[in-house]
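Have a look at the structure that comes next, please.
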Amino acid sequence: METSRIPGFYNMTVDERIEMLKKLHDFSDEDIDNIHKKAPLTTDTADKMIENVIGTFELPLGLGLNFLINGKDYVVPMVIEEASVVASASHIARIVRKSGGFTTEAAERLMIGQVQVVGCSDFPAAKEAILQNKEVLLEAANNAYPSIVARGGGAEDLDVRILNEDSNSAYSQMLVIHVYINTCDAMGANIINTMVESLAPIIEEMTRGKVYLRILSNYADKCIAKASCVIPPELLQTGEYSGEEVRDGVIHAYEFAASDLYRAVTHNKGIMNGIDPVVIATGNDWRAVEAGAHAYASRNGTYSSMTVWSKDEYGNLVGELELPISVGIVGGATRVHPLAKFAMNILQVKSAKELAQVIVAVGLAQNLGALKALATDGIQKGHMALHSRSVAVAAGATGEMIDIIARELIKEKQIRVGKAKELVEQYTK
Ligand code: MEV
């Protein structure tokens with residue numbers, strides 16, 4: 001994608017947007033048909049993905065625009081049912097691109113497989129046996145999944161801990177082995193689980209204990225992606241609020257989330273408003289990302305803000321977000337769901353690391369969008385403008401009537417289905 005700036009995209013019809021996308025990308029008619037003319041996910045494919053299928057369930061797919069990340073433009077597919085989210089992310093991305101865009105990194109990408117061993121007669125000796133045989137275990141893990149080794153990945157290291165060593169502990173003593181696995185561009189759940197399951201008999205022999213759980217950890221703290229942005233205050237000016245006021249409001253909002261659990265949860269929910277839609281659009285496991293992200297937000301012992309907002313020596317607003325993002329661009333639904341494949345085509349990422357970086361940049365943008373609105377006019381003004389269209393549709397408005405009724409609802413400050421029904425009746429008389 002040459003640019004992710006598409007002026008007027010918001011005001012185009014869906015067909016015009018698709019035409020624009022066709023111009024920017026080399027999409028075939030079949031790709032385009034998949035978006036809105038035919039069922040994008042057939043019941044047959046769905047039936048092979050999960051059990052007891054009776055159909056499919058659709059959600060809106062929108063495009064986050066204006067994203068400039070490490071000097072590269074991204075059009076970001078986002079699947080979400082909530083109004084304002086895509087508009088807000090695009091609005092902030094437009095501000096950030098004026099100050100050079102987002103800077104991101106994802107240095108390491110190792111996933112963790114855990115093996116639990118109980119009932120060892122001598123836990124320290126069992127731990128030592130594992131450490132002494134580290135290379136044997138890594139080789140056995142890799143033999144269980146040779147294709148990932150052929151792709152340049154595989155089990156690279158391992159660690160052992162003894163849990164509940166204190167005899168007063170309410171829980172049984174156990175040995176926990178972490179196998180660190182490079183899953184390349186896959187999220188890797190199947191690779192990890194196959195590897196750790198294969199180690200169970202060898203570990204039982206080495207430790208003289210009993211292995212119970214063998215499963216990946218969704219606390220992917222060796223799979224961290226970071227995003228940051230630096231915004232001069234003049235780019236933040238909004239209505240009657242000066243850029244400095246907006247900047248200070250955002251920093252105070254961050255401080256609120258950093259010091260209060262009730263606010264931190266809502267603040268972080270707003271970040272996930274940006275993250276989940278991209279994870280879903282690309283066919284990834286959003287529960288895994290959600291679970292890991294919230295746990296990472298309490299890594300210092302207290303659940304806190306996922307982002308950090310501060311002011312640098314020049315008075316610029318500086319934002320940072322760092323999260324475990326365990327996503328893939330191969331395997332799972334990413335290559336099965338036709339719209340996930342299409343989303344990947346729009347996004348044009350070449351690796352799982354790159355996808356993780358786009359995801360954290362969107363999370364950071366989404367957070368700033370919410371804080372900027374909350375610290376100034378509040379979110380209802382913008383939100384209700386968008387919400388009014390859904391209300392109009394719920395009241396039976398169709399075609400051009402939708403916008404007319406939505407505008408009337410806003411004018412009358414009554415964004416209710418009852419009021420919208422009255423207006424639909426008047427309009428259709
Ligand atoms: C709404 O979906 C998300 C917000 O509540 C986030 C926040 O309060 O920061 C607006």
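The values are calculated or read from the model by the stated rules, or taken from the named source; none is laboratory data. Computed from a prediction, not measured in an experiment: that's the story for all the values here. Positions of Cβ are generated from backbone atoms using ideal geometry, with glycine treated the same way; all protein chains shown enter the neighbour counts. The area values use the complete protein model at the heavy-atom level, side chains included, leaving out ligands, DNA and RNA. Shrake-Rupley method; radii C 1.70, N 1.55, O 1.52, S 1.80 Å.
Among all residue pairs at least 6 apart or on different chains, which show Cβ distances below 6 Å where the first residue, located in the range 292-321, is charged (D, E, K, R) and the second is modelled with pLDDT of 95 or more?
Pairs that qualify, where the first residue is charged (D, E, K, R) and the partner is modelled with pLDDT of 95 or more, are D312/V318; E320/S228; E320/V308.
Looking only at residues in the range 313-332 that are under 30 Å from I191 (Cβ atoms) and more than 13 Å from the chain's Cα centre (by Cα), which one is surrounded by the fewest Cβ atoms within 10 Å (Cβ to Cβ)?
Initial filter on the range 313-332 (under 30 Å from I191 (Cβ atoms)): 321-332.
Next cut, more than 13 Å from the chain's Cα centre (by Cα) only: 329-332.
Values: I329: 25, V330: 16, G331: 20, G332: 21.
That would be V330.
Same structure, new question: Give just the number: which of (1) crowded, with 19+ Cβ neighbours inside 10 Å; (2) modelled with pLDDT of 95 or more; (3) under 34 Å from the mean Cα position of the chain (by Cα) does I130 not satisfy?
(3)
Can you name every residue in the range 253-291 that is in contact with a strand residue (DSSP E or B) (Cβ under 9 Å, 6 or more places away or on another chain), within 14 Å of the ligand (Cβ to nearest atom) and in contact (Cβ under 8 Å) with a residue 40 or more places away in the chain?
A253, Y254, A257, A258, H267, I271, G274, I275, D276, P277
Inspect the range 35-51 for any residue being among the acidic types (D, E), open to solvent by 30 Å² or more (accessible area, probe 1.4 Å) and modelled with pLDDT under 90 and give the result as yes or no.
no
Specify which of the listed residues (I95, I80) is within 16 Å of the ligand (Cβ to nearest atom) and within 30 Å of H387 (Cα to Cα).
Among I95, I80, only I80 is within 16 Å of the ligand (Cβ to nearest atom) and within 30 Å of H387 (Cα to Cα).
Give the residue that is farthest from K353 (Cα to Cα), with candidates limited to residues of the range 141-158 that are out of contact with any helix residue (DSSP H, G or I) (no Cβ under 9 Å at 6 or more places or on another chain) and open to solvent by 60 Å² or more (accessible area, probe 1.4 Å).
Applying the filter and picking the extreme gives P146.
State which residue is most open to solvent (accessible area, probe 1.4 Å) when the search covers only the range 166-180 and only residues that are closer than 23 Å to A200 by Cβ and in a loop (DSSP other than H, G, I, E, B).
Top of the filtered list is Y171.
Condition first: polar (S, T, N, Q) and open to solvent by less than 30 Å² (accessible area, probe 1.4 Å). Now tell me which residues in the range 239-266 satisfy that.
Answer for the range 239-266, where residues must be polar (S, T, N, Q) and open to solvent by less than 30 Å² (accessible area, probe 1.4 Å): there is none.
Are any of the residues in the range 271-290 assigned by TED's automatic domain parsing to the domain that holds Q357, at positive phi and open to solvent by 50 Å² or more (accessible area, probe 1.4 Å)?
No, the range 271-290 has no match at all.
Follow-up question, since we're still on this one. Take the range 286-300 and flag every residue that is within 12 Å of E322 (Cα to Cα) and not aliphatic (A, V, I, L, M).
The answer is G292, H294, Y296, R299.
While we're here: Within the range 360-369, is even one residue away from the ligand (no atom under 16 Å from the Cβ) and at pLDDT 95 or above?
yes
Please go through (1) hydrophobic (A, V, I, L, M, F, W, C); (2) open to solvent by 10 Å² or more (accessible area, probe 1.4 Å); (3) more than 22 Å from H25 (Cα to Cα) for F102 and return the number of the only condition it doesn't satisfy.
Here F102 meets the rest and fails (2).
Also: Determine, yes or no, whether L364 is in the same structural domain as V278 (by TED's automatic domain parsing) and over 23 Å from R263 (Cβ atoms). Spell out how you get there, then give the answer.
Numbers: in the same structural domain as V278 (by TED's automatic domain parsing): yes; over 23 Å from R263 (Cβ atoms): no.
Taking the combined requirement at face value, the residue does not satisfy it.
Give the number of residues within the range 50-64 that are within 22 Å of V14 (Cα to Cα) and either outside the structural domain of D276 (by TED's automatic domain parsing) or among the acidic types (D, E) (or both).
Number of matching residues: 1.
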